[in-house]
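One structure is given below, encoded as structure tokens.
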Amino acid sequence: MKLFPYGHATHPQWQMAAGLVLAQLRAHMALPDYASAPHLGLLYITDHYAPEATEILAFLSAELPEVTDWSGTVGVGIAANNVEYFDEPAMSVMLCDIAPEHYRVFSGVAPLVHAGVGSARGSRFEPHTALLHADAQTPDVPELIAELAQRTASGYVFGGLASSRTQVVQFALNGDGNVAGQGKATGVFHGGLSGVAFDADVAMISRVTQGCLPVAKVHTITRAENNLVLALDGEPALTVLERDLQVNIADRQTAIPKVRATLVGLSAAQDAPGHPAIKRTGEFDEAVLVRHIVGIDPGKEAVAIGQPVDAGMRLTFCQRNPAAARADLMRIGAEIREALEPEEMTAELADALSADTSASPHPARRMAGAIYVSCAGRGGPHFGGPSAEMHIVRRALGDVPLVGFFAGGEIAHQELHGYTGVLTVFTTEA
């Protein structure tokens, strides 16, 4: 597996942006360390281009005939190596050097089949994991994500919910052409789920980075009705909230802004096998799900949150914290780099790994390409400056081909997260 060619650009006219992206892709494909004829393309566009999605995909497909399969979606912002595009017309493309027999593009009309089931290509493809894009308006999205994850051998999927102020579109084009059930589909879909599944031969490392810090201790939910938390540790939930946040709900002018700035971190019951916890450094474990407080019920002394809960689950009041998010993002980047460093290194590899991370991508780093899906509420504005989040990724991970988007919810494992980032790196052979 060679380095993945990638390109990105912004321009009021999509044709101009596409031309700039194509120039970058072709320049990379001419270099010896990059793939010269990749088959799988990942395409992310900002919502400014959403009405022209069909034309964009058709143009790129015609200009890159060697790329037979496409996947991607739309975001209010998109990402590429070291840059973020928010509130401007832009596109980002990466071409993956993965043989067609090791992946499958899927959509609502060409769904992902269970492991071991034959495909239209005549081979028995066994999905091990999958990059997943979804429309937030689709009913029962969390359940659909979990169900799709169960179709993979690992049970792990990664990706995010499309985010758009205009049309919500997804790209899913199969190299088989009009595969069974797809008919004359253009490759641009509205609603549902789509993405690309990979078999076990496609090596990757994926990590979740959290962006919130607890403001009080962890509580156990002792009574609940659907998404209404009635009691924590045997006390009325509203009483606990007031104590943890040091507010009095009767003083609405002071209390309401503080409650609105507060979220909850949900985790499994304390006695559940491998239940998540707060780390020694204070950050959440990656399995903690962050959800909004959607209301309070003074009559029941209850707190309503954005997800159904059960008695026994753990709940922590938390708030977004840029410093904690920055540190945690650096942590997952360091974990990935450490995982890819062999115990014994040649002189060339040692030189490449010790080089400035702003240097051009190098095969010795064993990173062919990366996908980063972050919350639309994060990005540069949250981290303090334009493209600040992607600058952190580059400093942590090194210079690596990368694309991604800013989502309305992030997908990792079998769960829908919030205010997180999901970083996945495709690794080259040792």
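The values are calculated or read from the model by the stated rules, or taken from the named source; none is laboratory data. Small disclaimer: the values here were computed from a predicted structure and weren't measured. With ideal geometry, Cβ positions are generated from the backbone for all residues, glycine too; neighbour counts draw on all protein chains shown. Just so you know, the surface numbers come from the protein's heavy atoms only, side chains and all, with ligands and any DNA or RNA stripped out. Shrake-Rupley method; radii C 1.70, N 1.55, O 1.52, S 1.80 Å.
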Answer yes if at least one residue in the stretch 303-311 is within 23 Å of H382 (Cα to Cα) and charged (D, E, K, R), and no otherwise.
no
Scan the stretch 48-76 and report the pairs whose first residue is more than 23 Å from E88 (Cβ to Cβ) and in a helix (DSSP H, G or I) and whose second residue is modelled with pLDDT of 95 or more and aromatic (F, W, Y), with Cβ atoms within less than 9 Å and a gap of 6+ or a chain change.
S61/W70
Can you tell me which condition S107 does not meet? The list is (1) under 24 Å from the mean Cα position of the chain (by Cα); (2) closer than 26 Å to V393 by Cβ; (3) crowded, with 20+ Cβ neighbours inside 10 Å, and all the others hold.
(2)
E88 meets each of (1) open to solvent by 40 Å² or more (accessible area, probe 1.4 Å); (2) part of a helix (DSSP H, G or I) with one exception, condition (2)
Would you call A9 of a type outside the set (D, E, K, R), more than 25 Å from A130 (Cα to Cα), at pLDDT 95 or above and in a strand (DSSP E or B)?
yes
If the requirement is being assigned to a loop (DSSP other than H, G, I, E, B) and either open to solvent by 40 Å² or more (accessible area, probe 1.4 Å) or touching a Pro at 6+ places or on another chain (Cβ under 6 Å) (or both), which of these qualifies: A334, A323, A339, A287?
A287
Just need a number here: residues in the stretch 216-255 that are open to solvent by 60 Å² or more (accessible area, probe 1.4 Å) and within 28 Å of the chain's Cα centre (by Cα).
1
Quick one: is G72 on the phi > 0 side of the Ramachandran plot, crowded, with 23+ Cβ neighbours inside 10 Å and modelled with pLDDT of 95 or more?
yes
Of Y372, Y419, the only residue that is modelled with pLDDT of 85 or more and part of a loop (DSSP other than H, G, I, E, B) is Y419
For D356, only one of the following conditions fails: (1) modelled with pLDDT under 85; (2) under 22 Å from V290 (Cβ atoms); (3) not hydroxyl-bearing (S, T, Y). What is its number?
(2)
Only one of E52, E63, E101 is over 23 Å from the mean Cα position of the chain (by Cα), closer than 30 Å to A153 by Cα and surrounded by fewer than 24 Cβ atoms within 10 Å (Cβ to Cβ), namely E101
Going residue by residue through the stretch 185-194, is there one that turns out to be assigned to a helix (DSSP H, G or I), surrounded by 20 or more Cβ atoms within 10 Å (Cβ to Cβ) and modelled with pLDDT of 90 or more?
no
Within the stretch 144-174, track down each residue that is assigned to a helix (DSSP H, G or I), open to solvent by less than 40 Å² (accessible area, probe 1.4 Å) and more than 21 Å from G377 (Cβ to Cβ).
A146, L148, A149
Any residue in the stretch 2-31 that's closer than 13 Å to I56 by Cα: show its pairings with residues that are open to solvent by 10 Å² or more (accessible area, probe 1.4 Å) at Cβ separation under 6 Å, as long as the two are six or more apart or on different chains.
W14/E52; A17/H11; A18/F59; L22/E63
Are any residues in the stretch 32-78 over 30 Å from P381 (Cβ atoms), in contact with a strand residue (DSSP E or B) (Cβ under 6 Å, 6 or more places away or on another chain) and of a type in the set (D, E, K, R), and if so, which ones?
D33, D69
Among the residues of the stretch 375-416 satisfying the criterion of being part of a loop (DSSP other than H, G, I, E, B), of a type in the set (G, A, S) and within 13 Å of G77 (Cβ to Cβ), which is modelled with the lowest pLDDT?
G377
